[in-house]
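Colleague: One structure follows; several queries about it will come next.
The values are calculated or read from the model by the stated rules, or taken from the named source; none is laboratory data. All values derive from a computational prediction rather than experimental measurement. All Cβ positions, glycine included, derive from the backbone under ideal geometry; neighbour counts span all protein chains shown.
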Amino acid sequence: MGFPYDKADWSVVDGAMFMGAGSSMPFFYTIIAIIICIVFLIYGQMIENDKYNK
Amino acid sequence: MEEKIAELTAKIAELEASSQVTNTMFAETYYYLSIPLMVLIHAGFLAYEMGATRVKNVLSSGVKNILAFAFVIPAFYFFGWWVYWAFPTGISLSMGPMEISGKEYADAIAWGWGESAQYMGPNVADNASGVFWGAFALFAATTASIMSGSLIERIQTVGFVILAVVLGAFAWVVAAAWGWHADGWLVTQFGMHDFGAAGVVHAVAGFFALGVLINLGPRIGKFNADGTANDLSGHNMPFTATGLMLIIVGFWGFLMACMILPGEGWSWSGSTGTTIYGTPMNLSALSFNILMGIAGGIIGAWLLNRDPFWMMSGALAGIISVASGLDVYFPALAFIVAIIAGLLLRPAAKMLENFGIDDAVGAVTVHGTIGVYGMVVFGIFASGFPALFIENAPTISILGQLVSAIVCSLCGFIPGYLLSLVLSSLGMLRTPEAAEIAGLDTTKVPAQAFPEGIPASAQPAE
């Protein structure tokens, strides 16, 4: 989180400028996003199975 | 030698002029093509709204939607464009620090008469005004269309058109001047950042619709005597889902038009695309984050509700939830923010229903609630980013985004509520009960949606 450059000024920006650029945050965001996808698929399958069983 | 240098200098000047022509033509074409893409938003709203309507009202819903487009465009020409340039610093109408705002500036470029008329019509020396105005006029029509769906099946046509004109050519324009303009006081004082208009378009339109819905009341049969709600399903879910997909296609035009191209007299930068605030960005950022936002919104909505209407609304909510920061979100983070927006949709719509509000297509939730959510969440993750391209620019903060989201919501709610109250007292808001029961098509449309019913196919040839 926060501006990824030391000085809060756009004139110093010369590359990646997204939230968390240059830190470990992109890795964590990506892992969390992947885990959410897997958990949602498992939960979705459970709900659908319940409906089949009924 | 001197002759050679002179010859080379002339050739360089010629090349520079030719490259500038290409740049200018590209910039003009870029905004011009965003306009028909945004017309797809209206094709989408038309299909979505008609599909969500019961058969007895389907054409009157279409007529209403088409008229919103038709009246908002000239209204935006007559005075909306002037409001955008005059109001950024607030009601003082004074010029802001970038010197592109205030009454004097707006008077010089945005009226269709006098000296300023040269910028409001064909002018071979002006490749920018028409395409910028066109893109903004489509933003305006989109804002009015957002409200349209929530009011279906019980609103009078002229009353609705008046509401659409005030929303599309004034209410959202004031919010845009304040928070979607480099001189806007919400930007210069509070560091507001709203690249894709989650606040200035979606929150304004959603809360304007809420203000109208309070005075308009629910459709007959929506609520039982004990307060429980009935489902008044539209006649054509596939049409509605297709309409929602068309809106999403149109959003690409809307969002590309939010970027200011480089290298022109009116550009913020000579070498890179920028946001409306002059901060650097490019189309790659949009591609990453729009797609991840759509996907996240659909997945989030699917988990709690298998209804394709809400899943496609989830796609819209996904984009809206990350719209404020499409220029700087990390795609995986945008995906997570959008999933939460998709999860919020159904419970938020249910809550509104529990208050006795009949929002036929969930516009208050998808655009209003999610618009505010997107603005505030962006403030959490983007705190510390400079809000403008200038030195010592104000920075984005949670408080600034929260204040801005509240201001945008009020810019919608207050005029929506007050104007609909006036229209109601004049008998111009709600259709008579008998007409609503019989069906609005029977009352006011001289055509039939399905003259042969919705028949089974003819037998195939042998």
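Colleague: Where the second residue is among the basic types (Lys, Arg) and part of a loop (DSSP other than H, G, I, E, B) and the first is more than 13 Å from B:Ile319 (Cα to Cα) and lies in the stretch B:352-373, which pairs have Cβ atoms under 6 Å and are six or more apart or on separate chains?
Modeller: That search, which allows pairs on different chains as well, returns B:Asp358/B:Arg219; B:Asp358/B:Lys222.
So that you can scan it fast, the table gives a plain yes or no per residue for (1) surrounded by 12 or more Cβ atoms within 10 Å (Cβ to Cβ); (2) under 16 Å from B:Met292 (Cβ atoms); (3) without any contact (Cβ under 8 Å) to a residue 40 or more places away in the chain; (4) more than 7 Å from every other protein chain (Cβ to nearest Cβ):
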residue: A:Met17; (1), (2), (3), (4): yes, no, yes, no
residue: A:Ile32; (1), (2), (3), (4): yes, yes, yes, no
residue: A:Ile36; (1), (2), (3), (4): yes, yes, yes, no
residue: A:Phe40; (1), (2), (3), (4): yes, yes, yes, no
residue: A:Glu48; (1), (2), (3), (4): no, no, yes, yes
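Colleague: Still on this model: Can you find a residue that is within 21 Å of the chain's Cα centre (by Cα), among the aliphatic types (A, V, I, L, M) and surrounded by fewer than 17 Cβ atoms within 10 Å (Cβ to Cβ) anywhere in the stretch B:248-263? Walk me through it before giving the result.
Modeller: Initial filter on the stretch B:248-263 (within 21 Å of the chain's Cα centre (by Cα)): B:248-261.
Then keep just the ones that are among the aliphatic types (A, V, I, L, M); that gives B:248-249, B:255-257, B:259-261.
Keeping just the survivors that are surrounded by fewer than 17 Cβ atoms within 10 Å (Cβ to Cβ) gives B:249.
Yes, the stretch B:248-263 has at least one match.
Colleague: Moving on to the next point. Quick one: which residue in B:Ile299, B:Ile276, B:Ile290, B:Ile220 is touching a residue at least 12 places away in the same chain (Cβ under 8 Å), more than 11 Å from every other protein chain (Cβ to nearest Cβ) and not in a loop (DSSP other than H, G, I, E, B)?
Modeller: Numbers: B:Ile299 fails: more than 11 Å from every other protein chain (Cβ to nearest Cβ); B:Ile276 fails: not in a loop (DSSP other than H, G, I, E, B); B:Ile220 fails: not in a loop (DSSP other than H, G, I, E, B).
After ruling out the rest, the residue left standing is B:Ile290.
Colleague: If B:Phe385 meets every condition in (1) surrounded by 24 or more Cβ atoms within 10 Å (Cβ to Cβ); (2) more than 14 Å from every other protein chain (Cβ to nearest Cβ); (3) farther than 19 Å from B:Leu167 by Cα apart from one, which number is that one?
Modeller: Unmet for B:Phe385, out of (1) surrounded by 24 or more Cβ atoms within 10 Å (Cβ to Cβ); (2) more than 14 Å from every other protein chain (Cβ to nearest Cβ); (3) farther than 19 Å from B:Leu167 by Cα: (2).
Colleague: From B:Arg346, B:Arg306, which residue is within 11 Å of another protein chain (Cβ to nearest Cβ) and of a type in the set (Lys, Arg)?
Modeller: Working: B:Arg346 fails: within 11 Å of another protein chain (Cβ to nearest Cβ).
Checking each option against the conditions leaves just B:Arg306.
Colleague: Which one is nearest to the other protein chains (Cβ to nearest Cβ), of the residues in the stretch B:388-401 that are in contact (Cβ under 8 Å) with a residue 40 or more places away in the chain and not in a loop (DSSP other than H, G, I, E, B)?
Modeller: Applying the filter and picking the extreme gives B:Thr395.
Colleague: Just checking, does the stretch B:195-214 include any residue being touching a residue at least 12 places away in the same chain (Cβ under 8 Å), part of a helix (DSSP H, G or I), surrounded by fewer than 24 Cβ atoms within 10 Å (Cβ to Cβ) and in contact with a strand residue (DSSP E or B) (Cβ under 9 Å, 6 or more places away or on another chain)?
Modeller: no
Colleague: Residues of the stretch B:369-382 being under 23 Å from the mean Cα position of the chain (by Cα) and facing chain A (nearest Cβ under 9 Å), which ones? So that I can check it myself, show each step before the final result.
Modeller: Within the stretch B:369-382, the first condition is being under 23 Å from the mean Cα position of the chain (by Cα), and the residues that meet it are B:369-379, B:382.
B:Ala382 - this is the single residue of the stretch B:369-382 that is under 23 Å from the mean Cα position of the chain (by Cα) and facing chain A (nearest Cβ under 9 Å).
Colleague: Just wondering, is there one or more residues in the stretch B:411-432 that are surrounded by 15 or more Cβ atoms within 10 Å (Cβ to Cβ), under 31 Å from the mean Cα position of the chain (by Cα) and within 23 Å of B:His235 (Cβ to Cβ)?
Modeller: yes
Colleague: Something else about it: Are there any helices (runs of 4 or more DSSP H) wholly within the stretch B:1-102 with 1 or more residues that are at pLDDT below 95 and over 22 Å from the mean Cα position of the chain (by Cα), and if so which? First the steps, then the outcome.
Modeller: On the way: elements: B:2-51, B:58-75, B:81-86.
Per the criteria, B:2-51.
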